[in-house]
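First up is the structure itself, then whatever we jot down about it.
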Amino acid sequence: MDDPIHQFNIVEYFTLGHIGGRPIAFTNSALFMIIAVAGITLLLVGTQRSLVPGRLQSLAEMSYEFVADMLRSTAGTEGMRFFPFVFSIFMFVLFVNVIGLIPYSFTVTTHIIITASLALMVFFTVIIYGFWRNGVAFLKVFVPSGIPIYILPVVTAIEVMSFLSRPLSHSVRLFANMLAGHITLKVFAGFIGLLGAWGALGWVGAVLPLSLTVALTALELLVAVLQAYVFAILTCIYLNDAIHPGH
Amino acid sequence: MSGFARGMRLSAELVGGVVIGFVFGWLFDRWLGTSPWGLIVFLLLGFAAGVLNVMRSAGVVQESRPDGRERKS
């Protein structure tokens, strides 16, 4: 049996080229990203467009409605200009998480470099769009209104730190949830094999970890969808700061 | 949201603030050679920022939005 973290190994399939002497390889991570993107494209483009939607078509429409409602309720109507951005992030994280639950597949979001890239992309989008749209007034995001002047420097420093810590908690949350879930799943599934090797008594004992594994799989499906939702709604909340910087 | 997910989320917020405070304090000290004062000040600021993050995402501190509705998270 492989150890529980064997599933996170990066395997290089072939090398695409070199940048600065470092090989740029096509890995299993890249493969599953492409599978996720292909799945999203198939869902959104490949389904038939009928007036009475079929199962897949209503799934595509539901995902649109869901993200649009989320964005409107957190960032207002003006936030809708970021709809393609938020929708892409939500669908990508959702597909990558759910595809990762299929046995023998690879979960892209269990590597912090992926979640950190996504979070930093959101972070810089907020900063660049905030300054582009509001100019210096974007700095109001660090200055809460109604604060006495003598504690303002301290509060502003804390707000700056709070702002800078966002990409960290944004990325670590998704990464840690997916990593912990997949390790737990693997450990409990490993108990089944260990107990089963003990003979008849072990077979009876193995019922417990087996039922736990089934339950955990259901829980992981919930976590996969929930974390995609949390990642997307935090993106909306951060984008709201760029659009309406005053507290 | 389940209790576990909520706990993960809030702890990530707190740890995020403290870690950023540590990193900035450490870099500040390395840059200006003020060890250990930069680390002390930035760690405290980072901890305060982490607590602020937690209180915000737990909804203890309400933030009003421009149209007067409360932000939901």
* Structure fact -> To the nearest 10 degrees, the tilt of helix A:112-134 (Cα long axis) against the first principal axis of the alpha carbons of chain A is 20
* Between region A:199-247 and region A:95-123, how many Å separate their Cα centres? -> 13
* Asked: So how strong a dipole does chain A carry about its Cα centre when Lys and Arg Cβ are +1 and Asp and Glu Cβ are -1, to the nearest 20 debye?
  -> 320
* Could you sort A:184-196, A:135-147, A:220-232, A:33-45 so that the peptide with the highest average Cβ count within 10 Å comes first and the rest follow in order? => A:220-232, A:184-196, A:33-45, A:135-147
* Whole-Å distance, taken between Cα centres, linking region A:30-50 and region A:124-192 -> 30
* Structure fact -> Mean per-residue count of partner chain Cβ within 10 Å for A:227-233 equals 2
* Averaged over A:151-163, number of beta-carbon atoms from partner chains that fall within 10 Å -> 5
* **Residues with amide H under 5 Å from that of A:ALA25, placed H, sequence gap 5 or more** => A:LEU16
* If you take the Cα atoms of chain A, find Rg, then find the Kirkwood Rh from the mean of 1/r over all pairs, what is Rg/Rh? -> 1.06
* Structure fact -> Partner shielding of A:94-101, taken as the mean number of other chain Cβ atoms within 10 Å, equals 0
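Just so you know, all these numbers are worked out from the coordinates, no wet-lab data involved. If you're wondering where the values come from, they're calculated on a predicted model, not measured in any experiment. Neighbour counts run over all protein chains shown; Cβ positions are idealised from the backbone, glycine included.
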